[in-house]
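The values are calculated or read from the model by the stated rules, or taken from the named source; none is laboratory data. All values reported here derive from a predicted model rather than from experimental measurement. Here the Cβ positions follow ideal geometry from the backbone for every residue, glycine too, while neighbour counts run over all protein chains shown. Please note that ligands, DNA and RNA were not included when accessible areas were found on the heavy atoms of the full protein model with its side chains. Shrake-Rupley method; radii C 1.70, N 1.55, O 1.52, S 1.80 Å.
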Amino acid sequence: MASLNGFGRYFGGIGRALSERNYRVYWYGHLFSSNGVWIYLISSQWLMFHLIQSPAWLGAVGFAYMSPVLFLGPLAGAISDRYGHRRTGMIALSLGIVTSFMTALAIVTGILTPVLLIVFTLVQGVFFSFDFPARQALILQLIERKNLSAAIGMNTTTFHTAGFTGPIIGSVILSFGNLTFGEPLGAALSYMTSAMAFCCMVLGVARVQIINPLPVIKSIKPLVPAVLSDLRAGIDYIMECSDLKIIMLLSIFVAFCLRSYQNLMAGFAEQVFQLDEHGLGNLLAASGVGALSAALILAVRGKVEGLTRIFVYGAMLTALALLVFVSNTQIPLALVTMALVGGFIVATGLGGQTLIQNIVEDEYRARVVSVYLAIVVGGSAFGTLGIGWLAEFVGFQTALGVMAILALVVFTFQGRKLLSRSIDIEAVHPAKKTNH
């Protein structure tokens with residue numbers, strides 16, 4: 001323990017989060033699972049563009065994976081609050097593992113089509129919409145409250161570290177599998193690898209001990225009315241708290257206009273920069289390097305103060321970096337701007353998520369987190385679909401550039417309102433309702 005305490009002194013929030021045994025067990029699984037997500041994403045992008053070279057179809061596969069979070073995420077949060085975050089996460093993860101193996105089997109047997117890939121990806125997205133909110137809400141139950149911000153930062157750091165390592169691992173697996181077994185069997189190998197990574201998360205969630213159980217929702221209502229009532233109460237809670245509401249609204253523009261770039265990178269790699277799967281991996285890895293750098297800085301920082309400015313200015317800088325990226329066709333500059341985009345978008349996301357976790361009451365935690373994730377992931381799904389469709393007519397660069405300009409305009413005018421409330425937002429104790 002002494003060495004862990006020393007680690008905490010030198011590494012700030014990272015050390016404080018990892019000093020707790022419960023969180024370490026969870027984090028080991030999260031490390032593998034995060035890489036599995038990125039391997040899954042790069043495999044889906046490559047496979048769809050291999051099957052049919054269409055920006056619209058590429059946007060559709062990204063939409064299929066993320067859209068269920070928009071429609072089912074809030075419902076999943078209500079179910080998780082009622083029936084347990086650990087149980088919900090483990091069941092959803094296990095079903096996702098089965099889906100990954102079925103996708104790999106369809107590739108091996110040669111029956112996979114673009115439509116079937118969309119179906120498998122949609123099903124995987126449904127399970128993800130139940131898994132991710134439940135595991136996010138579980139974090140508070142594993143650690144002391146004073147380390148919550150540090151643990152959230154560590155989770156984000158790990159996910160975006162995987163944003164660097166996952167695309168590299170995924171592109172290597174794709175290349176090795178395609179060279180060894182022939183295209184597209186490299187994608188089958190990637191899907192099986194991601195499934196094994198998700199198994200590690202199931203094991204981690206199963207082994208943790210709950211030390212801060214959240215209040216159990218009790219109701220004599222039948223299942224469906226009870227869950228819908230819980231969901232309505234969570235949405236009402238958000239709408240009555242102006243600070244939560246404005247963060248959620250601004251997060252919609254971040255998700256729709258800015259986050260979609262990752263799901264369209266296969267098209268940029270091939271049509272704009274004339275790169276193969278190695279080049280695609282390099283572009284995503286460059287984004288991951290920037291994401292990792294920003295996430296590490298914020299995780300070591302480990303405090304809420306100043307996160308409102310980080311949230312607002314991070315979004316604006318992301319938009320500016322994307323405008324540079326889409327106006328360029330030189331690979332070295334593309335890699336640099338991708339690193340900047342990755343760093344700024346992570347700072348924005350971590351700032352928004354931590355502010356929300358700081359404000360929300362415990363009894364509404366999973367529902368509010370699930371609504372936020374629905375906005376972030378679901379908005380990105382619609383952004384991917386919309387930009388992919390627009391790119392059919394005006395090209396990838398113009399389509400993404402238009403969205404970046406829209407986000408920049410919104411944050412220039414609306415971000416000031418949030419900044420004026422920064423002191424109150426950052427000082428809110430999570431056990432209290434404020435500004436209702």
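Okay, here's what the table says:
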{"item": "Selection within the range 249-264 - aliphatic (A, V, I, L, M), under 14 Å from the mean Cα position of the chain (by Cα) and within 21 Å of W38 (Cβ to Cβ)", "result": "V254, A255, L258"}
{"item": "Tally, over the range 100-115, of residues that are open to solvent by 10 Å² or more (accessible area, probe 1.4 Å), in contact with a Ser or Thr (Cβ under 9 Å, 6 or more places away or on another chain) and assigned to a helix (DSSP H, G or I)", "result": "1"}
{"item": "Residues located in the range 301-315, provided they are open to solvent by 10 Å² or more (accessible area, probe 1.4 Å) and of a type outside the set (D, E)", "result": "R301, G302, K303, V304, R309, I310, Y313"}
{"item": "Which listed residue, of V341, V336, is over 30 Å from D81 (Cα atoms), among the β-branched types (V, I, T) and open to solvent by 20 Å² or more (accessible area, probe 1.4 Å)", "result": "V336"}
{"item": "Verdict on I139 being open to solvent by less than 50 Å² (accessible area, probe 1.4 Å) and out of contact with any Leu (no Cβ under 8 Å at 6 or more places or on another chain)", "result": "no"}
{"item": "Flag if I387 is crowded, with 17+ Cβ neighbours inside 10 Å, over 17 Å from the mean Cα position of the chain (by Cα), within 13 Å of A255 (Cα to Cα) and not charged (D, E, K, R)", "result": "yes"}
{"item": "Flag for Y372 being modelled with pLDDT under 90 and either over 17 Å from the mean Cα position of the chain (by Cα) or over 30 Å from S54 (Cβ atoms) (or both)", "result": "yes"}
{"item": "Q397, sole failed condition from (1) surrounded by fewer than 23 Cβ atoms within 10 Å (Cβ to Cβ); (2) closer than 26 Å to I238 by Cα; (3) out of contact with any Phe, Trp or Tyr (no Cβ under 6 Å at 6 or more places or on another chain)", "result": "(2)"}
{"item": "Qualifying residue in the range 58-73 (condition: closer than 27 Å to A150 by Cβ and either crowded, with 21+ Cβ neighbours inside 10 Å or without any contact (Cβ under 8 Å) to a residue 60 or more places away in the chain (or both))", "result": "yes"}
{"item": "Residue within the range 288-300 that is open to solvent by less than 20 Å² (accessible area, probe 1.4 Å), assigned to a helix (DSSP H, G or I), over 23 Å from Y65 (Cα atoms) and not hydrophobic (A, V, I, L, M, F, W, C) present", "result": "yes"}
{"item": "Residues of the range 392-436 satisfying the condition of being aliphatic (A, V, I, L, M) and either modelled with pLDDT under 85 or touching a strand residue (DSSP E or B) at 6+ places or on another chain (Cβ under 8 Å) (or both)", "result": "I423, I425, A427, V428, A431"}
